[in-house]
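Peer 1: Let me begin by handing over the structure; questions about it come next.
The values are calculated or read from the model by the stated rules, or taken from the named source; none is laboratory data. Everything numeric in this text was worked out from a predicted model, so none of it was measured. Ideal geometry is used to build each Cβ from the backbone, glycine not excepted, and the neighbour counts take in all protein chains shown.
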Amino acid sequence: MTSTSISRRPWRRPPRKVRRALLWSTLVALLLVAQTLLVLLTLNYENVRAQERVEDFAGQVASELRRDVQRGLQSLQALLWHEPAPAQWRIDAGELLRARHALLRIERRNASFGIDDAVDTPYRAPVFSQLPRTAMGVEAELACTGARRTGTPMFSRTYFVPQPAGTGLEVLDVCIPVSTGVREPLYLVATLALSVLLEESMSPEQSRGHELSFIEGDGTRLARAGVPRGAGVYQAQRVIDLPGASLVLRVDSAEGSPRLIPNLATALVLGLSLALFAVVLLLLRDVRKRARAESALGEALAFRKAMEDSLITGLRARDLEGRITYVNPAFCAMVGFGAEELMDSNPPAYWPTERVEEYRVRQSQRLSSVRDRGDIQQGFETEFMRKNGERFPVVIYEAPLVDSVGKQKGWMSAVLDMSAQRRVEELSRQQQDRLQATARLATVGEMASLLSHELNQPLAAIASYATGSLNLIETPDDDTVGLLKQGLTRIAEQAERAGRVIKSVHDFVRRREQAREAISASQLIDAVMPLVRLQARKSGARIELDIPSPPPRVLADRTMVEQVLLNLTRNGIQAMETATPLAARVLTLRVRQTHPKWVSFSVLDAGPGIAPEVAERLFTPFFTTRSEGMGLGLSLCRTVIEQHGGALDFHVHGGADGGSTKGTEFVFTLPATDPSRNRGDAEVSGAKAVARPG
């Protein structure tokens, strides 16, 4: 490939993501460089300033030390202006020692450097208490030799003096010659503590931030002062020249190396820079977030539109005046009008023409009640009209339509077409009626054999009385009329007995659905007792009734509840036919008012109970444990009781529970009537209770 072909290759622009990454990388790099330079320059500036402060402080301390030493020399020379008596000299020397703490000892020496008199400072133990002065007098003698030669005060070199408790002091002597003119020269020698000199040269505030020390030329520290130890970062040295000696003063600041952000101004600049960068990042994030939000909003609007268009539930929005502002396609398909037709119509086109005024008043009342309460309007049922004039039932769920700031803008409604549900309910009701009729006829069929067995006795008695009457007619005598009358009376009684049995079955079969009525619990049980006793006699079972007096009254469909009682008693008697001894076959019917609003009926048998696997499917339609059963009895019983608002359940006694009473108890509840209405039945119930044993 030639260079010409390479140069002719078209330049390809980097992708947008790469360009954005390069831009932000450059911006971040520039920001880092600027911040780094700012920090470095600030650190250098802080270092220079700290060093300058230490240098200035060292100069101040050196000047103060020179002044202190000069004032001390003047005070010592004042002791030489006259020659007081030894006692007075000691007094004057003591006052000077009390005034200047750096002076540890003042001596008067003769021409041979012998000590004529000496006074120690009152603030501490004598400085030469550990070693005699003669052992430490070489430096003082050298200073006095120089002072005699020059005729001026002379300082000795510093030396170490041991102190009690293993400590020591670095001191120096100053020797002042005294020329009398007639006698041999005398000397005044004063011993100074270097550490005290340092302490008196600075204020307590200055001592908290610096460490002062006298050092030798090789850096060995002779004495120090100051509360903290120096950090060793910022140091300054000054040479203090004294006659005959030189002292090197070193000032060490307690301030360490400057921090990465040394002061508030730098922190503010760095913070503002970072804040600016953060603002840029937040702005970019906000722009990208806004773009994503707009995209998501568009997708959400499209999704909501698609969802509303695909719903089979009608949606309708209205303003505060009740005018339609929105309908979805399902609502339009439900009523047969287009969206424009519905929003332009007033009153709504789907209102039945004959009920427009009624709907207008009802809508005004309903919307005003929702506005006043501010709650959700529960579902209510009404009737709409299709475009072809067909009326159909609907259920409307309506709630306030609130905007993003919480202000109500209207009402939102969900409309359900109930036409199909009503058809299903009607079909279900018809099928339920057929099932109940079938079950009732099946019951009558089962009772037919019992009727034939029961009617044999009255019919046989009638035949016997008739035969006897015929025989009396053939051979009449004086008692024939009385005997015939007695026989005919017996025939009439047996015929009436047979008629009552037949009538009870006839009434049960011919009885149709009736409205619910207030009826006594004892009347319901008395109505089915003839048929129950027929079944009980055949099975050898006894019937026990447990009904309070006065009996409670219930609000029920008499025919259906009697069917329930008959089914439950028949099942209980059949359950005792095989596994229960004849003497133990007892069926108990009990009535109790368990609650002011409910009356409980229970049918308790003494059978073997119900197996767990059977109990799970006991109320399933067409499930039966008998070969001749249809499996509809208990299912219909539960349906009837639930239609009355009650409940049907069962309990197994004994068996696995270890109870003393065995058997199964079916319990159902019916709504009670007003308790005050039960008082009127007390006398009737009492009369029936007296007549029942016959």
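Every residue, every condition in (1) modelled with pLDDT of 75 or more; (2) exposed (fewer than 14 other Cβ atoms within 10 Å of the Cβ); (3) over 30 Å from P153 (Cα atoms); (4) touching a Lys or Arg at 6+ places or on another chain (Cβ under 9 Å), yes or no:
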| residue | (1), (2), (3), (4) |
| --- | --- |
| Q206 | no, no, yes, no |
| A225 | yes, no, no, no |
| G271 | yes, yes, yes, no |
| A275 | yes, yes, yes, no |
| A278 | yes, yes, yes, no |
| L301 | yes, yes, yes, no |
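Peer 1: Here is a check on your reading of the model: is R100 farther than 20 Å from T167 by Cβ and more than 60 Å from the chain's Cα centre (by Cα)?
Peer 2: Spelling it out, R100 is indeed farther than 20 Å from T167 by Cβ and more than 60 Å from the chain's Cα centre (by Cα).
Peer 1: For segment 412-458, give me each residue that is over 30 Å from P621 (Cβ atoms) and at pLDDT below 80.
Peer 2: Answer for segment 412-458, where residues must be over 30 Å from P621 (Cβ atoms) and at pLDDT below 80: S452, H453, E454, L455, N456, Q457, P458.
Peer 1: While we're looking at this one, here's another question. Can you report the number of residues in segment 219-247 which are in a loop (DSSP other than H, G, I, E, B), in contact (Cβ under 8 Å) with a residue 60 or more places away in the chain and more than 60 Å from the chain's Cα centre (by Cα)?
Peer 2: Residues flagged as in a loop (DSSP other than H, G, I, E, B), in contact (Cβ under 8 Å) with a residue 60 or more places away in the chain and more than 60 Å from the chain's Cα centre (by Cα) within segment 219-247 amount to 2.
Peer 1: Between residues in segment 145-165 that are not assigned by TED's automatic domain parsing to the domain that holds G114 and β-branched (V, I, T) and residues that are at pLDDT 90 or above and in a loop (DSSP other than H, G, I, E, B), which pairs lie under 9 Å by C-beta distance while being six or more apart or on different chains?
Peer 2: Close Cβ pairs (under 9 Å, with a partner that is at pLDDT 90 or above and in a loop (DSSP other than H, G, I, E, B)) do not exist here.
Peer 1: In segment 311-351, how many are under 46 Å from the mean Cα position of the chain (by Cα) and either assigned to a helix (DSSP H, G or I) or among the acidic types (D, E) (or both)?
Peer 2: The total comes to 10.
Peer 1: Going by what's in this entry, would T191 be described as buried (at least 21 other Cβ atoms within 10 Å of the Cβ) and polar (S, T, N, Q)?
Peer 2: Spelling it out, T191 is indeed buried (at least 21 other Cβ atoms within 10 Å of the Cβ) and polar (S, T, N, Q).
Peer 1: Which residue is surrounded by the most Cβ atoms within 10 Å (Cβ to Cβ), if the candidates are limited to segment 577-587 and must be in contact (Cβ under 8 Å) with a residue 40 or more places away in the chain and touching a Ser or Thr at 6+ places or on another chain (Cβ under 8 Å)?
Peer 2: Looking at the filtered set, the residue picked out is L587.
Peer 1: A follow-up question, please. Could you give me the residue pairs with C-beta distances under 7 Å whose first residue belongs to segment 320-338 and is without any contact (Cβ under 8 Å) to a residue 40 or more places away in the chain, whose second residue is of a type in the set (S, T, Y) wherever it lies, and which are 6+ apart or on separate chains?
Peer 2: Close Cβ pairs satisfying both conditions: A330/T313.
Peer 1: Any residue at all in segment 47-66 that's exposed (fewer than 11 other Cβ atoms within 10 Å of the Cβ) and either modelled with pLDDT under 85 or under 46 Å from the mean Cα position of the chain (by Cα) (or both)?
Peer 2: Within segment 47-66, one or more residues are exposed (fewer than 11 other Cβ atoms within 10 Å of the Cβ) and either modelled with pLDDT under 85 or under 46 Å from the mean Cα position of the chain (by Cα) (or both).
Peer 1: Hey, another quick one. I'd like to know if segment 610-622 contains one or more residues that are surrounded by fewer than 17 Cβ atoms within 10 Å (Cβ to Cβ) and touching a residue at least 40 places away in the same chain (Cβ under 8 Å).
Peer 2: no
Peer 1: Do we find that E205 is assigned to a helix (DSSP H, G or I) and more than 28 Å from A135 (Cα to Cα) in this structure?
Peer 2: yes
Peer 1: Then there is this: Would you please list the contacts, defined by Cβ atoms under 6 Å and residues six or more apart or on different chains, that run from a residue in segment 341-361 that is closer than 20 Å to T325 by Cα to a residue that is aromatic (F, W, Y) and assigned to a helix (DSSP H, G or I)?
Peer 2: W351/Y359
Peer 1: Which condition number does R157 fail, the rest of (1) closer than 20 Å to I215 by Cα; (2) surrounded by 15 or more Cβ atoms within 10 Å (Cβ to Cβ) being met?
Peer 2: (2)
Peer 1: Within segment 89-100, is there a residue that is touching a residue at least 60 places away in the same chain (Cβ under 8 Å) and either of a type in the set (A, V, I, L, M) or more than 16 Å from I176 (Cβ to Cβ) (or both)?
Peer 2: Within segment 89-100, none of the residues are touching a residue at least 60 places away in the same chain (Cβ under 8 Å) and either of a type in the set (A, V, I, L, M) or more than 16 Å from I176 (Cβ to Cβ) (or both).
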